[in-house]
Structure formats: C-alpha cells, structure tokens
Amino acid sequence: MRHFLGNGCFWLVAVFLTSALSVTDSAAEGFYVGLEAGFSKSGDVDVSQSLIDHPTRCDSFLYPSGATPPMDAECTTEKTTIIANMFAPGAGFAGSATLGYAFGNGLRFEAEYLNRRQGSQRRLARLGSGGGETFDQKESEWDENDPPSERVYDLSAHHFFLNAYYDLLNDSPFTPYIGGGIGMGSTEMRYSARFLRRSDLGTEPWQMAAAGTLSDIDTKLEKTRFGFQVVGGVDYALGDDLSVGAKARWTHFSGFDQNDLFWTRVRGHEPIRADGVTPLTTDFEVGDTDIWTFTVGLKYYL
C-alpha cells in the first residue's frame with residue numbers, strides 16, 4: 001500500500017505543479033450539487049473471533065441422560081480459542097451525492113454521502129496456528145470433504161464526509177483538483193463459519209454422538225467508525241454551470257470490536273458450552289479497512 005500511496009502522491013504533486021504554471025482567475029463560484037457512480041474495492045480485512053472452548057469429549061449433550069460427563073481439568077478450565085482469518089471483499093458498486101460551495105478562487109468545501117456494496121469471499125479457516133491448544137486437538141475431527149470454512153459477505157457501507165478541495169485552475173476546460181476529508185462510515189457485513197465433523201470419529205459414546213454434527217455461525221457485524229480520505233480528480237466543463245468528471249478516493253476506516261454474539265449451533269445442538277448450561281458467545285475484532293473508490297459524475301452549479 002505504501003508503494004501505491006507513494007506513486008499517488010508523486011502524480012498529484014506533478015499535476016499540481018503543471019497546472020500552477022497556467023493559473024487563471026476564471027472559476028465557478030457558488031453552490032453546486034453532484035451525482036457520481038462507479039466501483040469500490042477494499043484492501044484485505046482481518047476478522048478474528050475469540051470464544052471459550054473445551055474438547056469435544058467434554059460436551060455433556062453427547063452423553064445419555066443420567067451419564068456423568070468428564071470433569072477433569074480440561075473440561076472445567078476455561079481456555080480461549082481464537083479463529084482468525086484475512087478476507088479480500090470483491091469489487092462492488094459505489095454511488096455518491098454531494099452538496100458543495102466554491103469560492104471562485106479554487107477553494108471548495110463539500111458535504112458528501114457515498115454508499116458502497118461489495119461481494120464476498122469464502123476462505124478455509126486457519127487451523128493449528130494461533131487457535132489455541134483445545135482448537136488444535138480438534139483438527140482430526142473435521143470432515144475432509146467439507147473442511148472448516150469462513151466467509152465475509154454482503155458488505156455495505158454508508159459514508160458521510162466533509163471534504164475540502166483545491167481546484168488547479170488553468171486556461172483549458174480541464175480542471176484537476178486535489179483534496180481530502182474526514183467523516184464517519186456505517187459499515188455492515190455478514191460473517192459465517194462452519195465446522196462439520198467426520199461421520200467416523202470412533203466408537204466411544206461421545207464420538208458416536210458427535211459424528212456428523214455441525215458447528216456453525218452466521219451473524220451480522222456492524223459499526224459506525226471514524227474515517228478520513230484523500231481525493232484526486234479532474235472535471236471537464238460542458239458549460240458555465242455544468243461539468244463532467246472522474247474522481248479517485250483512498251479512504252481509511254479504523255477497526256472495531258463486537259462482543260457477545262451467539263453461534264447458531266454447537267455440535268448439532270443449541271449454542272451451549274460443554275457444561276450444558278452456559279450460553280456460548282463469541283467476541284469479534286475487525287481490523288482497519290482501506291478502500292479505493294473510482295467514480296465518474298456530473299457537477300451542476302446552482
């Protein structure tokens with residue numbers, strides 16, 4: 001990403017210096033509205049969850065009524081399992097509406113609303129690396145034909161930004177500009193994971209009861225986060241009050257946590273821990289997000 005930003009800054013400076021050589025006093029002044037449409041693409045997103053986990057043999061639901069499940073240290077000690085992965089949401093639609101004011105000297109201020117929607121990606125869960133001892137023990141239990149998987153999908157966001165721009169005025173109908181902004185973004189995504197056990201776990205009572213069972217989760221992760229962006233683009237004047245243009249943005253949003261979310265099923269039964277009483281909840285952490293957005297649109301001066 002540093003390579004991308006370095007190249008971007010170089011070209012923005014080059015455009016600025018080139019345009020500054022032919023600055024003119026002619027510039028639109030007053031309020032304007034704009035509509036844009038294009039596509040967006042996110043950088044990799046880190047998503048992890050942590051939960052209290054016990055060996056499968058400790059699950060009291062896997063034993064006949066009246067039978068006493070194991071009560072050794074492994075079954076009574078709370079150990080944390082971490083499931084972590086990195087996702088690359090696909091490219092998707094982006095559209096925005098703007099209301100701004102130009103001072104006539106190249107300086108503009110603008111309020112912007114942008115909506116973006118992106119695709120999904122299915123990833124195999126990382127096992128045996130950072131998950132914890134209890135989780136590692138279960139690696140041999142998973143069905144080889146349907147291995148553990150995670151997915152982030154239906155990602156959407158609403159951005160609300162206040163931007164400042166400087167138009168690089170010149171004698172041509174083309175007006176390059178640079179700028180930036182700060183604001184908030186309401187982000188929502190679906191997360192799902194599934195862990196299917198083999199049908200031939202073994203002959204122990206708990207193994208026969210757990211064979212072929214599914215542990216899965218499908219939940220919504222959402223948060224309103226602070227963000228900032230760097231913007232560059234160019235407008236082409238179609239008349240005194242109308243222009244068409246192209247714009248590129250790099251936007252950064254901080255990460256967020258979301259806690260106490262329930263799994264859908266655990267080993268085929270309701271999301272209850274191995275003790276048969278305590279609800280199983282999980283805590284999520286979503287990393288910082290970088291988004292690149294490219295749009296074309298119209299700007300009309302009122």
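The values are calculated or read from the model by the stated rules, or taken from the named source; none is laboratory data. Just so we're clear, the structure is a prediction, and the values are computed from it rather than from any experiment. Here the Cβ is made from the backbone with ideal geometry for all residues, glycine too, and neighbour counts use every protein chain on show.
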### Query
Taking the condition within 25 Å of residue 159 (Cβ to Cβ), in contact (Cβ under 8 Å) with a residue 60 or more places away in the chain and touching a Ser or Thr at 6+ places or on another chain (Cβ under 8 Å), does residue 102 pass?
no
#### Entry: Single residue of segment 122-142 satisfying the filter (outside any loop (DSSP other than H, G, I, E, B), modelled with pLDDT under 85 and in contact with a strand residue (DSSP E or B) (Cβ under 8 Å, 6 or more places away or on another chain)) that is surrounded by the most Cβ atoms within 10 Å (Cβ to Cβ)
135
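When segment 173-199 is examined, which residues are found to be assigned to a loop (DSSP other than H, G, I, E, B) and in contact with a helix residue (DSSP H, G or I) (Cβ under 9 Å, 6 or more places away or on another chain)?
Pass one, segment 173-199, residues assigned to a loop (DSSP other than H, G, I, E, B): 173, 198-199.
Within segment 173-199, 198 is the sole residue that qualifies.
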### Task
Tell me which residues, restricted to segment 143-172, are hydroxyl-bearing (Ser, Thr, Tyr) and outside any strand (DSSP E or B).
172
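Any residue in segment 68-86 that is assigned to a strand (DSSP E or B), under 17 Å from residue 189 (Cα atoms), among the hydrophobic types (A, V, I, L, M, F, W, C) and in contact (Cβ under 8 Å) with a residue 40 or more places away in the chain?
yes
Residue-by-condition table, conditions (1) surrounded by fewer than 16 Cβ atoms within 10 Å (Cβ to Cβ); (2) touching a Cys at 6+ places or on another chain (Cβ under 7 Å); (3) within 30 Å of residue 135 (Cα to Cα):
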{"position": "186", "(1), (2), (3)": "yes, no, no"}
{"position": "189", "(1), (2), (3)": "no, no, yes"}
{"position": "192", "(1), (2), (3)": "no, no, yes"}
{"position": "202", "(1), (2), (3)": "yes, no, yes"}
{"position": "220", "(1), (2), (3)": "yes, no, yes"}
{"position": "229", "(1), (2), (3)": "no, no, no"}
{"position": "238", "(1), (2), (3)": "yes, no, no"}
{"position": "242", "(1), (2), (3)": "yes, no, no"}
{"position": "258", "(1), (2), (3)": "no, no, yes"}
### Query
Just for segment 71-87: of the residues that are among the aliphatic types (A, V, I, L, M) and closer than 27 Å to residue 43 by Cβ, which one is surrounded by the fewest Cβ atoms within 10 Å (Cβ to Cβ)?
86
### Selected residue [acidic (Asp, Glu) and in contact (Cβ under 8 Å) with a residue 60 or more places away in the chain] from 144, 112, 133, 139
112
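Of all the residues that make up segment 148-188, how many are among the acidic types (Asp, Glu) and in contact with a Leu (Cβ under 9 Å, 6 or more places away or on another chain)?
3
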